[in-house]
Amino acid sequence: MPTRVTNTILPTTMVGSYPRPRWYRQQLLGRDIRVAFKEAAYEEAYHDATHTAIHDQEEAGLDIITDGQMYFDDYVGAIGSFCWYMYERIHGFEEAKEPHPSEVGAPVRTKDVELLADWGGVINSGPVKRGPMRLADLYKIATRYATKPIKVSVGAGPINLAWHVYFQHYKDARDLSFALAPIFNAEMKELVAAGAKYLQIEDLGAWLPLFTLNPDDYKWIADVIAQCIDGVKAKIAWHFCFGNAWGNALTSLFPKGYETVLPFYYHLPIDQFVLDFANRDMAGIECLKALPKDKEVQIGVLDVRTSMIESPEQVAGRIRKAIAVVPPERVYLSTDCGMKPLPRIVAKLKLKALAEGAAIVRKELK
């Protein structure tokens, strides 16, 4: 069975990113943090913003927190910086934002095309090489302020990064993804060496075969993830998100969903699958009846794609639907996706509702 990071049943957490405090206006703009932090005001602001994000989560009552990912700049899609942070620090990608490959020649400007156009594309012009991602440095900063266990979100991952690329060096997404895997493996091993015990891969690549319509893609995608986590001695989660550009899911993934893609990845040495369900009011949760007994799920029971704040009773109702399918001992409770696009006050109140909703159901289980 996967290692537990807390003895609390139905532990609460969130996916990764948290809204920036309004006073935190600094932007890395591609700089190595060790360069940016030479500016004393920036280093101080970053520490204070991270401390604030952690404090908000702990005050809300979460059992496992994240650092809030204050290193994400205010880029495209509100959350698009989780890709651009990597592009800017992995050698082999050009700096400029290009038109997204999917919008080039698109016959109809659908919502999904428009959102990807806003996100932008990037040119891969040379061999990829590990650069100053500094995830271990950022984790060490968070440990100064956290009193609860920390989950480290690692992403975007190799396949996700390959979605938005013009291939001038590597021939395709598969080729590039395999080249990126050792970079992420090294980064995660460095995190473990720094003390991290719970890592969450943020890679939407699980969905790629639904776009390519090639079932053979499941095999190499699984192989890439296996290479990323090979020898990484930590609890490993993998987030399967439906997208969150400006609070919008990628509707082209519907009606197909987890029941289609998850079985192709059950064999991987992943401890936990991180799945969003709240935005669909838990529709499709029955597919998790097939979850192998050695796997956990981190279930999204907070809808981060709306500013409406759930009541604890509403959250409890979603939790009950989840544990009717998967035993509560194998269920963690979370947000559907990162909270960066939300106003901070909304994020705080949503997390409070998550903690209180979990407390309601825990009492029912006694």
Scan (1) closer than 22 Å to residue 267 by Cβ; (2) hydroxyl-bearing (Ser, Thr, Tyr); (3) more than 14 Å from the chain's Cα centre (by Cα); (4) open to solvent by less than 50 Å² (accessible area, probe 1.4 Å) for the single condition residue 198 breaks and write down its number. (3)
Could you please find all residues in the range 261-280 being charged (D, E, K, R) and either surrounded by fewer than 16 Cβ atoms within 10 Å (Cβ to Cβ) or in contact with a Cys (Cβ under 9 Å, 6 or more places away or on another chain) (or both)? 276
Looking only at the range 181-218, count every residue that is over 25 Å from residue 68 (Cβ atoms) and in a helix (DSSP H, G or I) and tell me the total. 10
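Does the range 348-366 include one or more residues that are in contact with a Phe, Trp or Tyr (Cβ under 7 Å, 6 or more places away or on another chain) and either touching a residue at least 12 places away in the same chain (Cβ under 8 Å) or under 24 Å from residue 153 (Cα atoms) (or both)?
Keep residues of the range 348-366 that are in contact with a Phe, Trp or Tyr (Cβ under 7 Å, 6 or more places away or on another chain), which gives none.
No, the range 348-366 contains no residue that is in contact with a Phe, Trp or Tyr (Cβ under 7 Å, 6 or more places away or on another chain) and either touching a residue at least 12 places away in the same chain (Cβ under 8 Å) or under 24 Å from residue 153 (Cα atoms) (or both).
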Checked the range 212-233 for anything among the hydrophobic types (A, V, I, L, M, F, W, C) and within 20 Å of the chain's Cα centre (by Cα); matches are 221, 222, 224, 225, 226, 228, 229, 232
By residue number, the members of the range 163-186 that are open to solvent by less than 10 Å² (accessible area, probe 1.4 Å), over 16 Å from the mean Cα position of the chain (by Cα) and without any contact (Cβ under 8 Å) to a residue 60 or more places away in the chain are 176, 177, 181
So, of the residues in the range 91-111 that are open to solvent by 40 Å² or more (accessible area, probe 1.4 Å) and of a type in the set (A, V, I, L, M), which turns out to be farthest from the chain's Cα centre (by Cα)? 108
Over the range 227-237, the set of residues without any contact (Cβ under 8 Å) to a residue 60 or more places away in the chain, in a helix (DSSP H, G or I) and farther than 14 Å from residue 174 by Cβ is 229
When the range 53-84 is checked residue by residue, the ones that are modelled with pLDDT of 95 or more and either among the hydroxyl-bearing types (Ser, Thr, Tyr) or open to solvent by 10 Å² or more (accessible area, probe 1.4 Å) (or both) are 55, 58, 59, 60, 61, 63, 66, 67, 69, 71
Specify the residue that is least open to solvent (accessible area, probe 1.4 Å); the eligible residues are those in the range 29-52 that are in contact with an Asp or Glu (Cβ under 6 Å, 6 or more places away or on another chain) and touching a residue at least 60 places away in the same chain (Cβ under 8 Å). 50
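So which residues in the range 112-129 are open to solvent by 70 Å² or more (accessible area, probe 1.4 Å), touching a strand residue (DSSP E or B) at 6+ places or on another chain (Cβ under 7 Å) and farther than 18 Å from residue 172 by Cα, if there are any at all?
Of all residues in the range 112-129, those open to solvent by 70 Å² or more (accessible area, probe 1.4 Å) come to 114, 127, 129.
Restricting the remaining residues to those that are touching a strand residue (DSSP E or B) at 6+ places or on another chain (Cβ under 7 Å) gives 127, 129.
None - no residue of the range 112-129 is open to solvent by 70 Å² or more (accessible area, probe 1.4 Å), touching a strand residue (DSSP E or B) at 6+ places or on another chain (Cβ under 7 Å) and farther than 18 Å from residue 172 by Cα, so the list stays empty.
Look at the range 283-309 and say how many of its residues are in contact (Cβ under 8 Å) with a residue 40 or more places away in the chain and either farther than 27 Å from residue 21 by Cβ or open to solvent by 10 Å² or more (accessible area, probe 1.4 Å) (or both).
7
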Restricting attention to the range 217-253, report how many residues are over 26 Å from residue 151 (Cβ atoms), open to solvent by 50 Å² or more (accessible area, probe 1.4 Å) and modelled with pLDDT of 95 or more. 1
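The values are calculated or read from the model by the stated rules, or taken from the named source; none is laboratory data. What you see is a predicted model; the values in this text were computed from it and never measured. Using ideal geometry, Cβ is built from the backbone for each residue, glycine included, and neighbour counts are taken over all protein chains shown. Areas reflect the complete protein model, heavy atoms only, side chains present, ligands, DNA and RNA absent. Shrake-Rupley method; radii C 1.70, N 1.55, O 1.52, S 1.80 Å.
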